[in-house]
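Working notes, beginning with the structure itself.
Just so it is clear, none of the values below were taken in a lab; they were calculated from the coordinates. These numbers come from a predicted model, not from an experiment. Glycine also receives a Cβ, built like all others from the backbone with ideal geometry; neighbour counts cover every protein chain displayed.
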C-alpha cells in the first residue's frame with residue numbers, strides 16, 4: 001500500500017510539465033548519443049551536466065537518467081543497420097542484428113530491440129522500486145568499514161571487466177583515487193597537490209576530467225582516422241515483429257529482463273555485462289545454437305532487453321548506498337553532489353520527490369522511447385549521415401562551453417584539455433578510462449571511510465574482517481583478483497569484458 | 001624474460017606508457033610524504049595518497065614486466081597510418097582558444113575557432129565556412145548565454 005502511495009506521489013512529480021520536458025529531452029538526447037558512434041552516455045552526461053545547473057535537481061536527475069537508458073535504446077540502431085555499435089552495450093547486437101538486416105529483416109530486428117528494451121526497462125524499474133526501499137533501510141546499519149569494503153568491491157569489479165589488462169585497469173583506479181584526493185583534506189583542512197592553483201583547492205572537478213577523458217580524447221582519436229560510414233540499404237517497412245518472432249522472443253525477453261536487472265545491481269555491472277551474458281545464455285539454451293550469428297531474432301531480443309534492464313538495476317547501489325556501480329552512475333553521483341544531495345540510505349526519506357520522481361519518470365521515459373524509436377528510425381538513420389567534419393567542432397564546442405560554465409573559469413577549460421590529451425595517450429597505450437572516473441568520485445568517500453574505520457579500531461585492519469558484510473565483500477573482491485590470475489578465468493573474462501572503455 | 005622485441009611475436013603495446021606511469025606514481029608517493037602521513041591509528045592527509053602512488057607504481061611495474069615477457073610493438077606502430085597531425089593541430093587550437101577566450105570574448109574567439117575547425121578535415125569555401133561558424137557561435141550564445149544564463153566571457157565586444 002505504501003509503495004502504491006509512493007508511486008502515485010512519484011507520478012505527481014514526474015508528470016509536472018517541467019519534469020516531463022526534462023524527461024523528453026533526456027531520452028531524445030540519449031537516443032541521439034546512442035545512435036552516434038563515438039559518443040557514449042558518459043561523455044554526453046558530462047557534456048550536458050553544466051546545462052542542468054539552472055534546472056531543479058529533480059528535473060536534472062530525470063534528464064541525466066533519461067540520457068543513460070535512452071542511449072541503450074539508440075545503440076541498437078547502428079548495430080543493426082551499420083554493424084557499428086552506437087555504444088558498448090550494443091556490441092553483441094551486431095552479431096545477429098546486422099545479419100537480420102542483411103537478410104532483409106532490419107524492420108523486425110529494430111522492432112524487437114525497441115519492444116524488448118521497453119519491456120526490460122519497465123520490469124527493471126518495478127524491481128528497482130521494490131528492492132531499493134528495503135535495501136536502503138538495511139544500509140542504515142552499515143558503518144565506515146562496510147562502506148570501505150563495498151567501494152573496494154565496486155572498483156575491483158569494474159577493473160575486472162574494464163579492459164584487456166587487469167593491472168592496467170587497477171593502475172587507472174589508483175590514479176583516480178589519487179585525483180580524488182587532490183585538494184583540501186576533508187578531515188584536517190590541509191591542501192594537497194594544489195600547487196597554489198586556486199581551482200584545485202576544491203579538488204579536481206569531475207566534469208573537466210570526464211569531458212577530457214571521454215569527449216576530447218575521443219575526438220582526437222577520431223581525427224586520426226577516416227570515419228566513413230556505409231549505411232546498409234534495406235527495407236525498413238514492417239517494424240512490428242510477426243507472431244513467430246514474438247513466440248521465439250518471448251522467453252529471451254523474460255530471461256533478459258531478470259538477468260539484466262540482477263547483473264545491473266552488481267558493482268561494475270550495467271548494460272554491457274548484461275547484454276553479453278544474455279547472448280551467451282540464449283545461445284546455450286537454444287535448440288539451434290549453430291544459427292546464432294547468422295541472424296536469429298533471439299540473439300537480438302535477449303541482449304537488447306538485458307542491457308535496458310541493467311540500467312534499472314544499476315541505479316540501486318547509487319540510490320540506496322550512495323555507491324555508483326559504473327562510470328555512468330559515478331557521473332550521476334557527481335551531479336547529485338553538485339546539486340547538494342547526498343545519495344545513500346537517507347535519500348529516499350530526505351528527498352522522496354527525487355527518488356520517486358526519478359523512478360516513475362523512467363516508466364514515462366520508456367514509453368516515450370518506444371514512441372520515439374519506432375517511427376523515428378528513419379530520422380536517426382539520416383542523422384548518421386552527418387559528416388564528422390561538421391560533428392567534431394560541435395562536440396569540442398560543447399565541451400568548452402560546458403567546462404567554462406562550471407565556474408566561469410578558463411582554467412577549467414585548460415584542465416579539460418590537459419585531461420583530453422592524457423586520455424588520448426592512455427587510450428593509445430590501451431589503458432581503460434572508466435576506472436579513473438569511478439575512482440575519482442569514490443576517492444574522497446573511500447578515504448573518509450578508511451580513516452574513520454582505522455580511527456574506530458585504533459589502527460587495526462581486523463575491523464574489516466570482523467564484520468560479516470565487510471568480510472564477505474572483501475572475500476569476493478579477493479576472489480575476483482585471484483581468479484584473474486587463473487588462465488581459464490582470464491579467457492572467460494576476455495569473453496565478457498567491455499569491448500570499449502567509452503562507457 | 002624477452003628483452004628483444006623482435007624475438008617473439010609482438011603482442012603488447014609499447015611499455016613506454018607503464019614507464020611514464022611508474023614515474024608518475026613515484027612522484028605522487030614522494031610528494032604525498034610532504035603531507036602529514038599520520039599513523040595507522042590516526043591516518044593523516046598524506047596517508048591514502050602515498051598508497052595510491054605506490055599502487056600506481058606496483059600495477060605499472062606488473063604491466064611493464066608482462067610487456068617484457070610477451071614482447072611489444074614498436075612505438076611508431078601506435079601512430080602507423082594515423083593522421084596524428086590533425087589531433088595535434090586540434091589540441092593546439094584548443095589551447096590557443098582557452099588562452100585567448102577571456103580577452104577576445106566568446107563570440108570572436110569561437111567564430112575564429114569554428115572557422116578553422118570546419119575546414120580542418122576537408123577543404124570548403126571560406127564564405128560557407130564563415131557562415132556556418134557564425135550560425136554555430138550565435139546558436140551556442142543564444143542557448144547558453146541567453147537561455148541558460150551562463151556567464152560567457154564578454155571580451156572585446158563587451159557582450
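Annotations for the structure displayed:
- As a proxy for reagent exposure, A:251, B:147 were ordered by neighbouring Cβ count within 10 angstrom, fewest first; the result is B:147, A:251.
- R0 of 25 Å, Cβ-Cβ distance residue A:471-residue A:187: FRET efficiency to nearest 0.05: 0.45
- Between helix A:468-483 and chain A there is an angle of about 60 degrees, using the helix long axis and the longest principal axis of the Cα atoms.
- Placing a label point 7 Å from the Cα of residue A:483 along the Cα-to-Cβ line, the residues of region A:133-161 whose backbone N sits under 20 Å from it are A:149-161.
- In degrees, nearest ten, helix A:144-161 long axis to first principal axis of chain A (Cα): 40 degrees
- Rg/Rg_globular for region B:16-79, with Rg_globular taken as 2.2 N^0.38 Å and Rg from C-alpha atoms: 1.43
- Diffusion of the protein assembly as shown by Stokes-Einstein, at 20 °C in a medium of 1.002 mPa s and with Rh set to the Kirkwood radius over alpha-carbon pairs, works out to 84 µm²/s.
- Cα-projected label distance for residue B:131 with residue A:141, points at 7 Å along beta-carbon direction, nm: 7.0 nm
- Computed from the Cβ-Cβ distance with R0 of 41 Å, the FRET efficiency linking residue B:20 to residue B:103 stands at 0.75.
- Extension gain, residue A:243 to residue A:54, is 63.3 nm, computed as 0.36 nm per intervening residue step minus the present C-alpha separation.
- Average silhouette area of region B:84-157, convex hull of alpha-carbon atoms, in square nanometres: 5.2 nm²
- Estimated FRET transfer efficiency (residue A:411, residue B:92; beta-carbon r; R0 25 Å; 0.05): 0.85
- Computed helical MRE - 222 nm, chain A, DSSP H runs ≥ 4 contributing -39500 (n - 2.57), nearest 500: -23500 deg cm²/dmol
- Here the Kirkwood formula puts the hydrodynamic radius of chain B at 20.5 Å, using every distinct Cα pair.
- Sorting B:41, A:191, A:412 by the number of Cβ atoms found within 10 Å of their own Cβ, with the fewest placed first, yields B:41, A:191, A:412.
- Pairwise label distance in nanometres, residue A:130 with residue A:460, each label 7 Å out on the Cα-Cβ vector: 4.2 nm
- Other protein chain C-beta atoms within 10 Å of residue C-beta, averaged over B:37-46: 6.
- Ranked A:5, B:14, criterion: other C-beta atoms within 10 Å, fewest first: A:5, B:14
- The simple spin-label model puts a point 7 Å past each Cα toward its Cβ; for residue B:33 and residue B:11 those points are separated by 3.7 nm.
- For the peptide B:51-63, the mean number of other protein chain Cβ atoms found within 10 angstrom of a residue's Cβ is 6.
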